[in-house]
Amino acid sequence: MSRVRHYIRQIKNGRLKELLGQLGWIYGFARKHVVFIGIFTLLGMSGTVTSLISSLVSRDLVDIITGQQTGKLLATFAAMIGITLGTSCITQLSGYVSNKISIKIDNEIKSQMFDEILATEWEALTRYHSGDLMMRWNGDASVISSGILNIIPSFINYLFRFASSLFMVLHYDASFAVFALASIPVSVYASRTSLKKLQQSNLSSMNIGSKMSSFNNETFSNIQAVKAFDLLPLYSRRLRELQKEYTQARLKYQRVAVINSFILTIVSLVVSYSAHGWGIYKVWKGDITYGTMTMFLALSASLSGTVDNMISFIPSTINLANSAKRLMGVLDLPKEDYSHKEEVAAFFAEHKEEGVGISVRNVSYAYANGTEVFENVSLDAHPHEVIALVGPSGEGKTTMLRVFLSIIRPQSGIGYICAGAGTPESDAPKLELNASARQLFAYVPQGNTMFSGTIADNMRNVKEDASDEEIIDALKIACAWDFVSRLPEGIHSEIKERGGGFSEGQAQRLSIARAVLRQSPILLLDEATSALDMHTEHQVLQNIMADHYPRTTIVTTHRPSVLHLCKRVYSIHDKQCTLLDKAQIEEMIKGYS
Ligand SMILES: Nc1ncnc2c1ncn2[C@@H]1O[C@H](COP(=O)(O)OP(=O)(O)O)[C@@H](O)[C@H]1O
Ligand SMILES: [Mg+2]
C-alpha cells in the first residue's frame, strides 16, 4: 500500500510527467526516422526467428546423433550451418543500418542544437559556461542519438524474443516455463534498489563532466595567464581534484551495479541448474528426448537472459532522460526574434540615400544579476554624424551598444532606427530595434574578436563576396594595410585563435577593417582604438569619416582627441546619459591632459 502511495506521490510531484515529457521530446527526433528504426527492429526480430529455428534444428541434430530419430544427418547439419551464416549476415546488416541511422540522428540533433544555441538570447545563454555548453552539445546529444537506436528497437526485439521463446516453451512443455519465469521477480527486486542511485550518480557525473570541460576550456584558452602567474601546479592539482570527484560519482553506481549483477548471476545459476535437473528427470522418465531437453535448456536460458536485458533498459532510459533534461534546459531558453528580416531590408532599401540613424527613448536596463545600468535614458545619432559615449569604466558604454544591437532587451523604454535625421517624435519613418535590425550594423567590439583563419577569411566572414581589392581598401581605411602589406603572405596570412600572432593594436585595426568592409549604415566602435597611438587613432577616425557614405557612427572612448571629431558627446554616468555642451567637453578634454 505504501508503495502505491509512493508512486502516486511521485506522479503528483510531476517526476513521471517530467520523464514522459523528456521521452516525448526525444521521440520528436526519432519520429522522422521511423522507417529506418522499423527496418532495424525487423532485422533484429528476424535474428530472433532464425535463432528459434536454429534451436529446433539443433534439437533434431541431437536426436539424430543420439539415435532417437532417423533423419538425414547431412541435410540437417547443412541447415544448421546455413542458419548460422544467415544469422551472421543479419547481424552485420543491422549493425550497418544502426550505424547509419545513429550518425544521421546524431548530426540532426547536433545541428538543430547548434542553431538553437546561436539564436538564444545572449544574456540567458551566458548562464552556461562555454565548456558546459560544449559538453551538452557533444556528450548529451550523443547519448540521445545512440539511445534512440538502442533502446526502442532493442526493447521491442527483446519483448518479441521473450514472447516467442515463451510461446515455444508453452507449446512443447509448459513445465519448463516455470523455471524461466521464476527468476523474474527476483531480478526485478534486485535491480529496483539500484535505480535511484543510478539516476543520481548519472546526473552528477554528467554535471562534473561539464565542470571538467569548462575547466579545460578555460585553462587552455588562458594558458598565457596560467603560465605568467606560475599556476601550473595549482591547475594540475585542480584537474586531479575534479577527476577524483568524477571517479567517486561513477564508482558509486558501479558498486551497486556489481552487487546487483552478482545477485542476478546467482539467480540465473539456480534457475539454470534446476532446469537442467528437471530436464534430466523428464528424459529419464521418457517424457522427452535428449534433443527436446537441449532445446528447452536453450530456450529457458534465452528467456531469463531476455528478462535481465529488459530490466537493464530502465537505467539506460534514465540516462537518456537525464541527457534530454540537460539539453532541454539549454534549448528552452528564450530565443531572439529574427522575424523582421525582410521588413528591415525593405526599410533600409527605401532610405539608403539619406541613411538611417538610431534613437533610444526612456530606456531602463538592469542585468539579470540585478546590476542597474540605465534609468530612463535617451539619445540620438544621425547619418553623417559621429557620436561619442564617454564615461568611467563600468558605467554602461558597452551596455548601451548592446541595447542598440538588441543583444539585450531593456526592461522599459524603446529604441528605433529612424530614416535620415528623423527622431521618434518627428514624422520621419521609423522601425523598432530588434535582432533582425543587426543587418544594418557594423560593430567593433571591445577586446580581440578575430577568428582563426587568414585575414581575408576574417574579412569575408562579414561580406562573403568581397574582392581582394575591397578588402585592401578596408584595410587601408583602418590603417592596417601598412603592416598587412609587409607580411610575406599579405591578406592571406594566418591569424591564430583570438587574433593570435598580431599585436593588440594590429588586431584592433583588423577588427575595424572588418567593420568598414561591411559598409553598414550604422557603425559602432567600442573603445576600438584604445590600443592605437594618438596619431593612428586620429588617422583611422578621419579615414572613416572621409567617405561620403551616409553613415551613423557611435564611438565609446576615453581619448580627448577623439572628442574633437564628434558631433555630440554623451556622458554615461550614474545610470544617466547626458548630452554635454561645448564647455563641458572642453572641461573634459582638459581633465584628461
Ligand atoms: N553580462 C553582465 N552581467 C551582469 N552585469 C554586467 C554584465 N556586463 C556588464 N555588467 C555590469 O554593467 C555595468 C556596465 O558595464 P559596461 O557596459 O561593460 O561598462 P563600460 O563599457 O562603460 O566599461 C558594470 O557595472 C558591469 O559590472
Ligand atoms: Mg566597455
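We did not get these values from a lab; they are worked out from the coordinates using the rules stated. What you see is a predicted model; the values in this text were computed from it and never measured. When we count neighbours, we look across all protein chains shown, and the Cβ atoms used for this are built from the backbone with ideal geometry, even at glycine.
State the answer as a single residue: which of GLY329, ILE408, ILE358 lies farthest towards the positive end of the charge dipole of region 283-433, with beta carbon charges of +1 for Lys and Arg and -1 for Asp and Glu, about the Cα centre.
Value: GLY329.
Compute the distance in nm between two label points, each set 7 Å from the Cα along the Cα-to-Cβ direction, one at ALA531 and one at ILE314.
So the label points at ALA531 and ILE314 sit 5.8 nm apart.
Beyond 27 Å between alpha-carbons counts as too far, so tell me which of LYS397/LYS430; LYS32/LYS110; LYS211/LYS397; LYS430/LYS567; LYS397/LYS582 fall in that bin. Can you show the working numbers first?
Details: LYS397/LYS430 24 Å; LYS32/LYS110 15 Å; LYS211/LYS397 32 Å; LYS430/LYS567 22 Å; LYS397/LYS582 21 Å.
In this structure, LYS211/LYS397 lie more than 27 Å apart at Cα.
Relative contact order (percent) for region 457-593, with alpha-carbon contacts under 8 angstrom and 6 or more residues of separation? Mind dumping the intermediate values first?
Details: 128 pairs, mean separation 29.0, N = 137.
It comes to 21 percent, rounded to a whole number.
For each of PHE262, PHE29, count neighbouring Cβ atoms within 10 Å of the residue's Cβ, then give the residues from fewest to most. Display every interim value, and only then the final one.
Working: PHE262 11, PHE29 18.
Listing PHE262, PHE29 from fewest to most nearby Cβ atoms yields PHE262, PHE29.
So, with +1 on the Cβ of K and R and -1 on the Cβ of D and E, and no other charges, what is the size of the charge dipole of the chain about its Cα centre, to the nearest 20 debye?
For the chain, the charge dipole is close to 3480 debye.
Pull out the extension gain between SER467 and LEU234, defined as 0.36 nm times the separation in residues minus the alpha carbon to alpha carbon distance; nm, one decimal.
Values: separation 233, 0.36 × 233 = 83.88 nm, distance 4.89 nm.
Gain on extension, SER467 to LEU234, equals 79.0 nm.
Treating the angle as unsigned and between 0 and 90°, give the value, to the nearest 10°, between the Cα long axis of helix 313-331 and the longest Cα principal axis of the chain.
The helix 313-331 is inclined about 10 degrees to the chain.
If you build the Cα gyration tensor of region 139-291 and take the root of 5 times each eigenvalue, what three semi-axes come out, in whole angstrom, biggest first?
Values: eigenvalues 544, 62, 27 Å².
Each semi-axis is √(5λ); the values are 52, 18, 12 Å.
Counting only C-alpha contacts under 8 Å and six or more residues apart, can you give the relative contact order of region 342-592 as a whole percent?
Working: 487 pairs, mean separation 68.7, N = 251.
27 percent.
Taking 0.36 nm per residue of sequence separation and subtracting the Cα-Cα distance, how much length would be gained by fully extending the chain between THR91 and ILE266, in nm to one decimal?
Difference between extended and current length: 60.0 nm.
Where does the longest stretch of the chain lie that holds no GluC sites (Glu not before Pro) found in a DSSP loop with 14 or fewer other Cβ atoms within 10 Å? Intermediate values should be presented prior to the final figure.
Numbers: sites that count: GLU353, GLU425, GLU464, GLU489.
It runs 1-352.
Can you give me the C-alpha center-to-center distance between region 494-532 and region 210-263, rounded to a whole angstrom?
Going from one Cα centre to the other spans 37 Å.
Okay, helix-only estimate at 222 nm for the chain: each DSSP H run of n ≥ 4 adds -39500 (n - 2.57), divide by all residues, round to 500 deg cm²/dmol; what do you get? Present the calculation step by step, with values, prior to reporting the outcome.
Working: 21 runs with 378 residues, N = 593.
That comes out to -21500 deg cm²/dmol.
Below 8 Å, C-alpha to C-alpha, sequence gap of six or more: please give me the relative contact order for the chain in percent. Don't skip to the answer; put the middle values down first.
Details: 808 pairs, mean separation 84.6, N = 593.
Normalised by residue count, the contact order of the chain is 14 percent.
Report for the chain the percent antiparallel among DSSP-assigned beta bridges with both residues inside it, nearest 5.
Numbers: 24 of 42 bridges.
Rounded to the nearest five, the antiparallel share is 55 percent.
Hey, what does the equivalent ellipsoid look like for the chain, semi-axes from the Cα gyration tensor as sqrt of 5 times each eigenvalue, largest first, whole Å? Please report the intermediate quantities before stating the final value.
Working: eigenvalues 990, 130, 106 Å².
Semi-axes, largest first: 70, 26, 23 Å.
For region 399-499, run through the trypsin sites (Lys or Arg not before Pro) and keep only the ones in DSSP coil with at most 15 other Cβ atoms within 10 Å of their Cβ. Write down the numbers at each step before the final one.
On the way: sites: ARG402, LYS430, ARG438, ARG460, LYS463, LYS476, ARG486, LYS496, ARG498; in loops: LYS463, ARG486.
Qualifying residues, ordered by number: ARG486.
Work out the charge dipole of the chain with +1 on the Cβ of Lys and Arg and -1 on the Cβ of Asp and Glu about the Cα centre, then indicate which of ILE103, ALA228, SER54 is farthest towards its positive end.
SER54
What FRET efficiency do you get for ASP581 and TYR549 if R0 is 30 Å and r is their Cβ-Cβ distance, rounded to the nearest 0.05?
Working: r = 29 Å, r/R0 = 0.96.
Efficiency, rounded to the nearest 0.05: 0.55.
What does a probe at LEU487 reach in region 499-530, counting residues whose amide N is under 17 Å from the point 7 Å along Cα→Cβ?
It comes to 499-517, nothing else.
Run the simple label-point estimate for GLU497 and GLN248 please: 7 Å along Cα→C-beta, distance reported in nm.
My value for the distance between the label points is 3.0 nm.
Name the residue from THR371, GLY420, LEU475 whose Cα lies farthest towards the positive end of the charge dipole of region 342-592, charges +1 on Cβ of Lys and Arg and -1 on Cβ of Asp and Glu.
Of the options given, the answer is THR371.
What FRET efficiency comes out for the pair LEU170/SER46, r = Cβ-Cβ distance, R0 = 22 Å, nearest 0.05? All intermediate terms of the calculation are to be shown ahead of the outcome.
Working: r = 22 Å, r/R0 = 1.01.
Approximately 0.50, to the nearest 0.05.
So what is log10(I(q)/I(0)) for region 11-331 at q = 0.09 1/Å, when the Debye sum runs over its Cα atoms only?
Result of the Debye calculation: -0.64.
Quick check: the angle from helix 34-65's long axis to the longest principal axis of the chain, C-alpha only, nearest 10 degrees?
20 degrees
In whole Å, what are the extents of region 342-592 along the principal axes defined by its C-alpha atoms, from largest to smallest?
For region 342-592, the Cα extents along the three principal axes come out at 52, 46, 38 Å.
Quick one: angle between helix 582-592 and the longest Cα principal axis of the chain, in degrees between 0 and 90, rounded to 10, please.
Between the helix axis and the principal axis of the chain, the angle is about 70 degrees.
Any idea how far apart GLU18 and LYS72 come out in nm if each label point goes 7 Å out from Cα toward Cβ?
Rounded to a tenth, the inter-label distance reads 6.5 nm.
For SER221 and ASP332, calculate 0.36 nm times their separation in residues minus their Cα-Cα distance, and state this gained length in nm to one decimal.
On the way: separation 111, 0.36 × 111 = 39.96 nm, distance 2.84 nm.
Result for the pair: 37.1 nm of gain on full extension.
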